[in-house]
Amino acid sequence: MCGIVAYIGKNQACPIVIKGLQRLEYRGYDSAGIALMQEGDITVYKTKGKVSDLQSFIEGKPTDSTLGMGHTRWATHGVPNDVNAHPHYSGNKNIAIIHNGIIENYAVIKEELTKRGHVFHSDTDTEVLVHLIEEIQNNEKCSLEKALLEALNKVTGAYAIVVMERNDPNTLYGARKGSPLVLGIGTDEYFLASDATPIVEYTKNVVYIGEEEVVVIKRDGGFTLKTIQNVEKTPYIQELELKLEMLEKGGYEHFMLKEIHEQPRSIKDSMRGRLNAVDNTLKLGGLKEYEHKIINANRILIVACGTSWHAGLVAEYLFEDLARIPVEVEYASEFRYRNPVINENDVVIAISQSGETADSLAAIKLAKEKGATIIGICNVVGSSIPRETHAGSYTHAGPEIGVASTKAFTAQVVVLTMMAIYVAYKRGKITESKYRQLIIELDTIPDKVKHIIDSTNEQVKKIAEIYKNAHNFLYLGRGYNFPVALEGALKLKEISYIHAEGYPAAEMKHGPIALIDENMPVVVVATNHSAYEKIISNVQEVVARKGRVIAIVTKADDIIKSLAEHVIEIPDTEESFSPLLSVIPLQLLSYYIAVGLGKNVDQPRNLAKSVTVE
Ligand code: M6R
C-alpha cells in the first residue's frame, strides 16, 4: 500500500529516491519522507502530502548523500501527518526504517517496550518495529543484521522494509513478507523498491526478494540473500522487460486517459501468441500443465477485488454460457473469512492487476491448503499472487499507473474470454465452427475498441459536461453487461466522488426505481442481443419516471435511440464479447466528469493502486 525505494552506490541518493517515489506514488500519497546518510548521521525529512510537497520541503536543505531511502504512505495506523510519515527512527536514532505492510502484533510489542522505557512519537506499527530491533541489538550487543533477523521472527503480519544504521554508512538492509520488494543490481550501485518502476532506468537486472527473505547490501561488497532463519539463498537474477516509456504519460494529460487509449494495444498484446486468427487456434501456454484440471473441474471459484472482481463476474457468464462449468465469483475478503467449502476438484482463479492484493493473496493461500488448483490472471510480472499459483496467464496490459483500473480490466476479460472459449471447445460444449467463429470475432476487438475511442470521445465529453454536477448516477445492465454497469459505477465513484450504483436492469423495479426523478442520470448498457426487449422495457420504466437516460447501444439501434436522451453507439460483436466494448464509453464518461470537476484523476483521495492490507 505504501511505496518504498532505497539507493546505495556512487551517485547522489536523493534525486534517485525522489524520482523513484514519484513512480511509486500510485501506491499511496498521503505523506512522504526520505532518510539520508550524512556524515555519520541519518537525516530524516518528512511531511504530510505528496512527493511534490516533500520536494518543496527539502529544497535548500542539505541532501548530499550516496545512501538513502524514501517512502510514500497510504495510512493504516495513525492519521496522515508529518509525525506518522516514514522513515522512523529507533529511540537512539541509530537506526531508521521504512515499511510497507502491517505489523499485526505491534500493540503487544509496544506495551512491552514502553514498560522497558521506550518512548514512541508516532501512532505507527513501523516505529514499534524499529524500536524492537534497537531493543534486541542493545540487549544482545549484536550486529544490526542479527537483531533484524530476530525481530522479524517476533513480528506477525506483513512487511517490506528497508533499514539503515548510523554507524554503518556502507550497508543497506531489506526484507519482505507479504509485501513486495525488488532489488536492482547496477554497476557498483543497488536499488530496493516496491516494484521495478523506480529501477528500470538504471538497470535491467533485478532480484524479486522472496517471502521471509532478507537482503544485505554492502556498498563495495555485493549483496547476500538469506531467510529470516539465517539460511543463505542463491539469488535468481532476472532481466526486466519493462520499458521506460511505459511509465510516462506520453503527451496525455493523465495516465488514466493514456491507459484508456492504450486498450487496442493492450488487448492485442494480451492475445498475442495465444490467439491465432489465421489458423483459428487458441493456446494458453501458462495453463498447459493444468488445463486438464480446468477442463474437468467440478466448478470454478473466482476470487478478486474491485475491478478485477467485475472481470470475474464477466468470466462467470463466459464459463457457464460457453463451457458449461458452474462458477462462483467471490469477494476475496469475504471468501477467506467464511470457512468456504473447497475440494480438490475445484479450480480457483485469482484475478489481480497488481498481483499483490492482500485479500486475494490470502484467499488463494487458503484454497491451496484445501487442495484446489489455483490459477492466476495477473498483470504485474513477478508479483506475489503468480508465485502462489499452480499456473496462470499474465495479462500483458503493461504498467497501469492510474489508480482507476481501465486497460487492466479489458486485458483480464480478454484473457478470461480466451480461456473460456478454449475450455468450452476442449469440453465439447461448442462446435468446431463456433470455436473458429469466436476466434475470428475476438481478433476484431482491438480495432473495434479503437473505433469506439475515436468515435465517441467528443460526444462523451459533452455528456460529461451536462451531468458532471449530478449527485447520483444509476448504471443498469443485463447479462454480460451487468458487470459492466458495476464497473461503470465504480469508475465514477472512485475518481469523481459522485455516488453511483450499478444494478441489474431488471432488479431496478425492486427498489432503486424509487430513486428515479428528473435529476437522476441513468446509464443503461443496452447492447444485448438476448433479452433485448426486456432492456427496452427497462429503459421505458426509467423514461416514464423522467429519468435521464444515457444509453450505450449497438450501432443502428433505432428503438432505444427514440427513447433515450443520449445514445452512444458502439459496433456490434458476439454478445459474450460485449463487455470489452461497452465498458469503453463508461471509462471515458467517468474520466471526463472527474476532469470537469477538477478532481485528481490519477490519484483519487483515500485510494491506492495496490491494496496490500486486509
Ligand atoms: O490489483 P488488483 O486488481 O488486485 O486490485 C483490486 C482492486 O483494488 C482494484 O481493482 C480497485 O478496485 C481499482 N481502483 C478499481 O479501479
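Average the reciprocal distances over every distinct pair of alpha-carbons in the stretch 320-427, invert the result, and give the Kirkwood radius in Å. Don't skip to the end; give the middle numbers.
Working: mean 1/r = 0.0695 Å⁻¹.
Answer for the stretch 320-427: a Kirkwood hydrodynamic radius of 14.4 Å.
Take every DSSP beta bridge whose two residues both sit in the stretch 250-443; close to 10 percent of them are antiparallel. Compared with the dominant principal axis of the Cα atoms in the chain, helix 407-426 is inclined by about 60°.
Subtract the Cα-Cα distance of ALA514 and HIS529 from 0.36 nm times their separation in residues, and report this length gain in nm to one decimal.
On the way: separation 15, 0.36 × 15 = 5.40 nm, distance 2.77 nm.
The span from ALA514 to HIS529 would gain 2.6 nm if fully extended.
Stokes-Einstein diffusion for the chain, with the hydrodynamic radius set to the Kirkwood value over Cα pairs and evaluated at 37 °C in a medium of 0.692 mPa s, equals 129 µm²/s. Place +1 on the Cβ of every Lys and Arg and -1 on the Cβ of every Asp and Glu in the chain, take the dipole about the Cα centre, and give the residue among TYR29, GLY60, ILE294 whose Cα lies farthest towards its positive end. After comparing all options, I get ILE294.
Compute, for the chain, the length of the dipole vector about the Cα centre, with Cβ point charges of +1 (Lys, Arg) and -1 (Asp, Glu) only. Units Debye, rounded to 20. Intermediate values should be presented prior to the final figure.
On the way: 66 positive and 78 negative charges, 75 e Å.
Using Cβ point charges on Lys, Arg, Asp and Glu, the chain gives about 360 debye.
For the cross-link pairs LYS370/LYS429; LYS258/LYS450; LYS407/LYS493, the ones whose C-alpha atoms lie over 23 Å apart are LYS370/LYS429.
Using a Förster distance of 51 Å, how high is the FRET efficiency between LYS370 and GLU239, based on the Cβ-Cβ distance and rounded to 0.05?
Details: r = 36 Å, r/R0 = 0.71.
Step by step, r from the Cβ atoms, then E = 0.90.
Model label points for ARG436 and ASN92, set 7 angstrom from Cα along the Cα-to-Cβ axis, are 7.8 nm apart. Placing one equal scatterer on every Cα of the stretch 3-246 and applying the Debye formula, the log10 ratio I(q)/I(0) at q = 0.07, 0.08, 0.15 Å⁻¹ is -0.19, -0.25, -0.97.
For the stretch 155-167, the Karplus equation 6.51 cos²θ - 1.76 cosθ + 1.60, evaluated at θ = phi - 60°, returns couplings of 8, 10, x, 10, 7, 10, 10, 10, 10, 9, 10, 3, 7 Hz by residue, with Gly and Pro reported as x.
Roughly speaking, what % of Cα-Cα pairs in the stretch 468-554 are separated by over 15 Å, rounded to a whole number? For the stretch 468-554, the fraction of Cα-Cα distances above 15 Å is 51 percent.
Taking amide H as placed 1.01 Å from N in the peptide plane, TYR252 has no amide H partner under 5 Å among residues 5 or more places away or on another chain. Each DSSP beta bridge with both residues in the chain is either parallel or antiparallel, and the antiparallel ones are about 60%. In degrees between 0 and 90, to the nearest 10, how far off the longest principal axis of the chain does helix 578-596 point, with axes built from Cα atoms? Relative to the chain, helix 578-596 is tipped by roughly 60 degrees. Across the stretch 32-44, coupling constants 3J(HN,Hα) worked out from phi with the 6.51/-1.76/1.60 Karplus curve, θ = phi - 60°, read 8, x, 9, 10, 10, 7, 9, 6, x, 9, 9, 9, 10 Hz, and Gly and Pro carry x. Ellipsoid fit via the Cα gyration tensor, the stretch 71-152: semi-axes of 20, 13, 11 Å, each the root of five times an eigenvalue, largest first. Note on LYS110: lysines with a C-alpha under 28 Å away, same-chain residues under 8 apart excluded, are LYS46, LYS48, LYS93, LYS141, LYS146, LYS154, LYS177, LYS226.
Would you mind working out the magnitude of the charge dipole of the stretch 273-382 relative to its Cα centre, with +1 at each Lys and Arg C-beta and -1 at each Asp and Glu C-beta, to the nearest 20 Debye?
Working: 11 positive and 14 negative charges, 43 e Å.
Charge dipole, the stretch 273-382, about its Cα centre: 200 debye, nearest 20.
Rounded to the nearest Hz, the phi-derived 3J(HN,Hα) couplings of the stretch 293-304 under the Karplus curve 6.51 cos²θ - 1.76 cosθ + 1.60 (θ = phi - 60°) are 5, 6, 4, 9, 5, 5, 7, 10, 10, 10, 10, 5, where x marks glycine and proline. Straight-line cross-link reach from LYS534 at under 13 Å between alpha-carbon atoms covers these aspartates and glutamates, not counting any fewer than eight positions away in the same chain: GLU507. Bridgeable aspartates and glutamates around LYS233 (alpha carbons under 17 Å apart, same-chain partners fewer than 8 residues away excluded): GLU145, GLU211, GLU212, GLU213. Which residue, ALA470, MET418, TYR503, has the largest displacement toward the positive end of the dipole of the stretch 361-516 when charges sit on each Cβ (Lys, Arg +1; Asp, Glu -1)? Value computed over the given set: MET418. The peptide list 606-612, 301-307, 86-92, 192-198, put in order of mean Cβ contacts within 10 Å with the highest first, becomes 192-198, 301-307, 86-92, 606-612. The amide H of VAL327, built 1.01 Å from its N in the peptide plane, has ILE300 as neighbours under 5 Å, considering only residues 5 or more places off or on other chains.
Within the stretch 121-181, the ratio Rg/Rh, alpha carbon atoms throughout and Rh by Kirkwood, equals 0.95. Scanning residues 5 or more positions from LYS177 or on other chains, those with amide H under 5 Å from its amide H are TYR159, ALA160, GLU212, with H placed 1.01 Å from N in the peptide plane. Overall shape of the stretch 453-614 was characterised from the C-alpha gyration tensor. The equivalent ellipsoid obtained from it has semi-axes of 24, 17, 16 Å, in decreasing order. Solvent-accessible area assigned to carbon and sulfur over the chain amounts to 49 percent, based on a 1.4 Å probe. When you work out D = kT/(6 pi eta Rh) for the stretch 250-443 at 37 °C and 0.692 mPa s, using the Kirkwood radius from C-alpha pairs as Rh and the Stokes-Einstein form, the result is 197 µm²/s.
Mind running the shape call on the stretch 32-111? Use the C-alpha gyration tensor, a ≥ b ≥ c as the square roots of the eigenvalues: rounded below 1.5 for a/c, prolate if a/b tops b/c, oblate otherwise. Kindly include the intermediate steps, with their values, before the conclusion.
Numbers: a/c = 2.46, a/b = 1.36, b/c = 1.80.
Cα axes put the stretch 32-111 in the oblate bin.
Each label was represented as a point 7 Å from its Cα along the Cα-to-Cβ direction; for ASP454 and HIS471 these points are 4.2 nm apart. Rounded to the nearest 20 debye, the dipole magnitude of the stretch 24-178 is 200 debye, with +1 charges on Lys and Arg beta carbons, -1 on Asp and Glu beta carbons, and the Cα centre as origin. Taking R0 as 25 Å, what's the FRET efficiency between ASP53 and MET246 from their Cβ-Cβ distance, rounded to 0.05? Given R0 = 25 Å and the Cβ-Cβ separation, E is 0.40. Helix 482-496 and the longest principal axis of the Cα set of the chain meet at an angle near 50°.
The values are calculated or read from the model by the stated rules, or taken from the named source; none is laboratory data. The model shown is predicted, which means the values in this text are computed figures rather than measured ones. Neighbour counts run over all protein chains shown; Cβ positions are idealised from the backbone, glycine included. Only protein heavy atoms, including side chains, enter the accessible area calculation; ligands, DNA and RNA are left aside. Shrake-Rupley method; radii C 1.70, N 1.55, O 1.52, S 1.80 Å.
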